[in-house]
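**Student:** Have a look at the structure that comes next, please.
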Amino acid sequence: MTWTGQGPFIPMYQLDVKAIIKRFGGRTELWRRLNTTMRHSISVKTIEKWTERTSIPSSQLLILMELAKREGKPLIISEYVRTLLPGPNSIHQNRHD
C-alpha cells in the first residue's frame, strides 16, 4: 500500500545498520572489538545477518552502545535513524548520507 497524498502521513523509520557497522570499522573490526573488548561471543556471520535484515536485535544494540561508551565515543541511535518518506525510492537519512 502506498501513500496517496490524502490524509495524514505517518512516516516509517529504519535503522541504518550499515552506517552503524561502518562506524565501528566494518564487520570484521566490529567482530574483533566485541569479542575482545566486550568479551561477547558473536560471529561475523551474525553481523552480516544484521545488514541483510536491516535490523539489529535490541540486546545487541545495547552491547554496541556499551562498547561505544567504553571507547569514549557514545553511540547516539537517533543519528542512525532513516525516515522512509512516501513515494517510490524516497528515503531521507538523518545524518549519515
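**Student:** Once amide H atoms are built 1.01 Å from N in the peptide plane, which residues 5 or more positions from residue 40, or in another chain, come under 5 Å H to H?
**Tutor:** The answer is 35.
**Student:** Taking the Cα centre of region 17-76 as origin and charging only Cβ (+1 Lys, Arg; -1 Asp, Glu), how large is the dipole, in debye to the nearest 20?
**Tutor:** 80
**Student:** Also, I was wondering about something else. Once amide H atoms are placed 1.01 Å from N in the peptide plane, what residues at a sequence separation of 5 or more from residue 15, or on another chain, have their amide H within under 5 Å of its amide H?
**Tutor:** Under 5 Å from the amide H of residue 15 lie the amide H atoms of 82, each far enough along the sequence or on another chain.
**Student:** Across region 30-46, in residue order, what do the Karplus-derived ³J(HN,Hα) couplings come to in whole Hz, using 6.51 cos²θ - 1.76 cosθ + 1.60 with θ = phi - 60° and x for Gly and Pro?
**Tutor:** Ordered by residue, 3J(HN,Hα) equals 4, 4, 4, 5, 5, 6, 9, 5, 9, 6, 10, 6, 8, 9, 4, 4, 4 Hz.
**Student:** Given just the C-alpha atoms of region 17-76, how large is their convex hull per residue in cubic angstrom?
**Tutor:** 71
None of the figures in this text is laboratory data; all of them are computed from the coordinates on show. What you see is a predicted model; the values in this text were computed from it and never measured. FYI the Cβ positions are ideal-geometry reconstructions off the backbone, even for glycines, and counts take in every protein chain you see.
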